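This report concerns only the one structure given below.
The values are calculated or read from the model by the stated rules, or taken from the named source; none is laboratory data. Quick caveat, the model's predicted, so the values are computed rather than measured. Cβ placement follows ideal geometry from the backbone for every residue including glycine, while neighbour counts extend to all protein chains displayed.
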Amino acid sequence: MIRSTLMGLALLAAAPAAALAAEPAAVTAADRTLGSADAPVTVIEYSSLTCPHCAAWTNTVLPAFKTRFVDTGQVRFVYRDLPTAPAPVATLAAKVTRCVAPDKAFAAIELMMAQQEAARLMRYPAGWFLNAIDVGGRTAEEVGACVEDPATQTALDAQIADAQAAGVTGTPSFFVNGKRVEDTTLDGLAAAIEPLLP
């Protein structure tokens, strides 16, 4: 019994990662997106608001990425949550950005990423969350009620499960039209995007 279990695990480990992971779930109205729904390419990022690499990407690559691909109608960019350590802080941050007005979600996400390093050094003070709420188009009371709503946790759990099903093990992780892209630099993403453009 033990031998057959070990053999099964060995075969699992030897299987190609692509065979074990599905594509990310289809984009829905619940997703936070930038760009046209009719764009020929969809780029999905799985990210955490407490992940330093995610903040670095958002702060340094996203502005040029938006200018080059999103603003030109070539790419629809989708942001999805995959909270990392410290999990309670990342989970609360994810809920806050889900609970602001939908058209202000990226303003809240980008502000939290811009302030992440300072917030981390201060052990994530309440002001970090309140600053995101301030740009979020809803009152603190409205956001607070949404954060406490079990439906918000259910939606977040579903997105975490989707990330796991897609084989995501770290953040940030990117998919271009459903295919994982390892090189997350602007040039690396461009190399995956440009062959798919009409």
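Here are the numbers for this structure:
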read-out: Index of the failed condition, Ala29 passing every other in (1) under 17 Å from the mean Cα position of the chain (by Cα); (2) more than 17 Å from Phe106 (Cα to Cα); (3) modelled with pLDDT under 95; (4) not acidic (Asp, Glu); value: (2)
read-out: Count of region 72-116 residues which are crowded, with 22+ Cβ neighbours inside 10 Å, of a type in the set (A, V, I, L, M) and not in a helix (DSSP H, G or I); value: 3
read-out: Gly35 under 25 Å from Gly178 (Cβ atoms) and in contact with a strand residue (DSSP E or B) (Cβ under 8 Å, 6 or more places away or on another chain); value: yes
read-out: Set Leu186, Leu196: member being touching a strand residue (DSSP E or B) at 6+ places or on another chain (Cβ under 8 Å) and of a type outside the set (S, T, N, Q); value: Leu196
read-out: Single match in Ala166, Ala151 (criterion: of a type in the set (A, V, I, L, M) and surrounded by 18 or more Cβ atoms within 10 Å (Cβ to Cβ)); value: Ala166
read-out: Number of the exception - Arg32 against (1) surrounded by 15 or more Cβ atoms within 10 Å (Cβ to Cβ); (2) of a type in the set (Lys, Arg); (3) out of contact with any Lys or Arg (no Cβ under 9 Å at 6 or more places or on another chain); value: (3)
read-out: Single residue of Glu141, Glu110, Glu194 found to be modelled with pLDDT of 95 or more, of a type in the set (Asp, Glu) and under 18 Å from Asp31 (Cβ atoms); value: Glu110
read-out: Failed condition for Leu156, given (1) in a helix (DSSP H, G or I); (2) loosely packed, with under 14 Cβ neighbours inside 10 Å; (3) not small (Gly, Ala, Ser); value: (2)
read-out: Selection within region 129-168 - in contact with a helix residue (DSSP H, G or I) (Cβ under 9 Å, 6 or more places away or on another chain) and closer than 15 Å to Arg80 by Cα; value: Thr152, Gln153, Ala155, Leu156, Gln159, Gly167, Val168
